[in-house]
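Working notes for the structure below.
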C-alpha cells in the first residue's frame, strides 16, 4: 500500500554537469531559438511546423526522421521553419499504456526513470548536435522540465495540464516559446487564463526553491479541437474559430500573440490522414482574412517514417506505437505543398 520510494534520482544540475551540452550544440540552439522567436514576433512570414512522432519511442528511428527533416528544411527555408517534435512523455487518460521514453527507454522493457532521464537528454542533444535543429517536447511534469531546460527550443502544455497552476507558473519562467493547448472540453477561457498567467511574472515554490520568474512573452495558444459530453470530437480550426480567437486575444490585450493549429487529436477526430486537408483549409482562411493570417504562426503535425501505428513489440521501424502518424512520403509532400501555398 501507499508509495514505495525506489531510488533517489540526481537533481537536474547534476545531470547537466555530467551530461553537458557541447559548445557546438549550445551554439546551434541559440541560432535556432532566434529563428523561432522571429516567427512568433512576426519578424518574417515563415510558418512554423512542429512536426514529428506522436511519441519518440526509439532513438534510432527518431534520428533517421530528423535527418530527413533537416534535408527537407533546405528546400523550404524561405517559407517554412521545421521544428522536430521529439515528445518523450506520453500523457495517458486512464494512466495505462506506454508513458514515453522518460518512463521506458525501452518500450519492451520495464520502467526505469533514471535511464529514461539520461535517454531523453541524450536524444534531444543529438538532434541539436547533428542537425542544428532545436526540438519541441511536452511539459507533462513541470518538475522534470529542468532536466531539459538547456536543450529544448519549444515547450507545449497539454490539454489535460493547461488548467494546472504549476504548469502555468513554470511556463512563465521558460525562456523559449510555450504553447498552451485548449482543454479537452473546449473552453477557450481556460486556455486564455493559462496564457495570461504565463505572460506575467510570479513568485512560487519550485523543486524546493523559492523562485521568481520574468513572464514569457512568447506564450500562445494551440488549438487542438475538443470533445463534448457525449465523447464526440469537434474541430476548432475553421475560419470562424480562428477569427474568434483573434477577437479573444484583442479583448484580453493579447493582440501580438499567435496560434499553432494542431492538425490531429480532436481536430482530425484522430483520423491522421485528415492532417493535410486541415493545413490547407487553415492556409485558405489566412488568405481570406488578414486578421486570421496575423495570428496563425503554424501547425503541429504528427508524422513519422511509416503511416499509421502498431502495437508495442511488432517491430516496424519508424511506425508509431501510440497515435497513428503520417508516413514520410505523405509528410514530405505536405511540407512542399504548404510551401507552395504560402
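Structural remarks
- Between 178, 292, 15, the Gaussian network model of the chain with springs among Cα atoms under 10 angstrom shows the greatest mean-square fluctuation at 15.
- Choice from 210, 171, 61 showing the highest fluctuation, given a GNM over the chain with Cα pairs closer than 10 Å: 210
- Taking the DSSP bridge list for the chain and keeping only pairs wholly inside it, about 20 percent are antiparallel.
- Ranked for footprinting exposure by Cβ neighbours inside 10 Å, fewest first, 148, 342, 273 give 273, 342, 148.
- Antiparallel bridges, percent of DSSP beta bridges restricted to the range 152-290 (to nearest 5): 40
- The range 29-341 shape via C-alpha gyration tensor axes, a/c threshold 1.5: rounded
- Cα centroids of the range 186-218 and the range 21-87: 25 Å apart.
- Counting other Cβ atoms within 10 Å as a rough exposure proxy, the listed residues 127, 162, 227 run 227, 162, 127 from fewest neighbours to most.
- Note on the chain: helix-only mean residue ellipticity at 222 nm, from DSSP H runs of 4+ residues weighted -39500 (n - 2.57) and normalised by residue number, equals -12000 deg cm²/dmol.
- For the chain, modelled as a GNM whose springs connect Cα atoms under 10 angstrom apart, the maximal fluctuation among 249, 237, 19 occurs at 19.
- Spatial separation of Cα centroids for the range 255-328 and the range 96-137, in angstrom: 22
- Shape call, the range 49-94: gyration tensor on alpha carbons, a/c limit 1.5: oblate
- The overall shape of the range 116-234 is oblate: from the C-alpha gyration tensor, with semi-axes ordered a ≥ b ≥ c, the ratio a/c is 1.5 or greater and a/b is no larger than b/c.
Throughout, read-outs are computed from the coordinates displayed, never taken from laboratory work. In this text the structure is predicted, and so the values were computed from the model without any measurement. Because the Cβ atoms are built from the backbone with ideal geometry, glycine has one as well, and the counts that use them run over all protein chains shown.
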